[in-house]
Amino acid sequence: MSFEPFYLSFKLASLTTLILFCIALPLAWYLSQTRSMAKPFLETLTALPIVLPPSVLGFYLLWALSPDAAIGAFFEEHFGIKLVFSFTGLVVASCFYSLPFMVQPLQNGFESLNRHMIEASYIAGKSRLQTLFYVALPNMKPALLTALIITFAHTVGEFGVVLMVGGSIPGETKVASVAIYEMVETMEYGTAHIYSAIMLALSFVVLLSAYFFNALQKRRRF
């Protein structure tokens with residue numbers, strides 16, 4: 001039994017979570033603070049991967065990242081980066097697929113903060129960036145942890161999008177979920193049970209840690 005698919009899954013989830021945190025943090029902060037008429041449109045675009053079938057999202061990403069499309073051709077021609085059937089392509093696809101799982105908890109956390117606290121920070125002369133990092137984030141640790149944990153766990157469990165964009169290349173794009181699917185197809189049920197049990201146990205521990213931390217934070221408030 002090879003643990004390489006698990007390594008690839010957790011490597012993919014770690015990179016995706018890190019990249020999405022950098023992208024989603026300013027986006028969630030903007031969405032929580034803005035009164036622009038464009039807000040519902042941006043929220044819809046952000047949440048779209050939740051309701052779109054993975055096969056639909058995977059198909060459009062496969063089309064957009066292929067060498068025949070403008071984006072795929074640009075990266076391959078100028079940077080020598082192949083975005084289809086590569087680990088890099090998996091990271092790009094995962095960022096699109098897991099975006100709402102990072103943005104929405106952060107946005108909810110920002111919106112739950114006391115508005116007077118934010119306004120007081122501005123009155124005290126702090127910039128928006130200082131208010132974000134020194135006032136908002138320290139007061140929404142449960143939401144922050146939830147965003148990171150859920151994004152990581154969701155990426156580990158991806159199947160449809162990663163299969164369409166990355167295929168099943170051993171050591172490159174064959175993540176744990178794809179490996180389990182292939183084992184079931186070839187009726188290797190014993191190994192599939194082991195892989196699935198490991199994924200179940202890891203997912204349970206990750207989620208339990210998040211809920212346990214959030215419960216501790218609530219107790220400290222009271």
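Bear in mind these aren't lab numbers, they're just calculated from the coordinates by the rules spelled out. Quantities reported herein were computed from a predicted structural model and do not represent experimental measurements. Every residue, glycine among them, receives a Cβ derived from its backbone with ideal geometry; neighbour counts consider all protein chains shown.
Among residues other than A192 whose Cβ falls under 13 Å from its Cβ, what is the net charge (Lys/Arg +1, Asp/Glu -1)? After counting each charged neighbour, the total is -3. Once Rg and the Kirkwood radius are both taken over the C-alpha atoms of the range 88-148, their ratio Rg/Rh works out to 1.12. Please determine, in degrees from 0 to 90 and to the nearest 10, the orientation of helix 176-185 with respect to the longest principal axis defined by the Cα atoms of the chain, where the helix direction is its Cα long axis. That helix lies at roughly 40 degrees to the long axis. Helix 189-221 and the longest principal axis of the Cα set of the chain meet at an angle near 0°.
Sequence-distant contacts, meaning Cα pairs under 8 Å at least 6 residues apart, place the relative contact order of the range 46-149 at 24 percent. For the range 153-171, the residues whose amide N sits under 13 Å from a probe point set 7 Å from the Cα of E185 along the beta carbon direction are 160, 163-170.
Taking every C-alpha pair closer than 8 Å and separated by at least 6 residues, the mean separation divided by the residue count of the chain gives a relative contact order of 29 percent. Of the residues G166, Q104, P67, the one whose Cα sits farthest toward the positive end of the charge dipole of the range 4-217, with +1 on the Cβ of Lys and Arg and -1 on the Cβ of Asp and Glu, is Q104. Tell me, what does the Kirkwood hydrodynamic radius of the chain come to in angstroms if you use every pair of distinct C-alpha atoms? One over the average 1/r among Cα pairs gives 19.1 Å for the chain. Taking the square roots of five times each eigenvalue of the Cα gyration tensor of the range 95-222, the equivalent ellipsoid has semi-axes of 40, 18, 9 Å, listed largest first.
Dipole magnitude of the range 4-217 about its Cα centre, charges +1 at Lys/Arg Cβ and -1 at Asp/Glu Cβ only, in debye to the nearest 20?
For the range 4-217, the charge dipole is close to 920 debye.
Given their separation in residues at 0.36 nm each and the Cα-Cα distance between them, L129 and L113 gain 4.2 nm when the chain is fully extended.
Once you keep just the Cα pairs under 8 angstrom separated by 6 or more residues, what percentage relative contact order results for the range 97-180? For the range 97-180, the relative contact order is 34 percent. Reducing the range 76-130 and the range 1-47 to their Cα centroids gives an inter-centroid distance of 5 Å. Directionally averaged projected area (the range 1-117, Cα convex hull): 9.9 nm².
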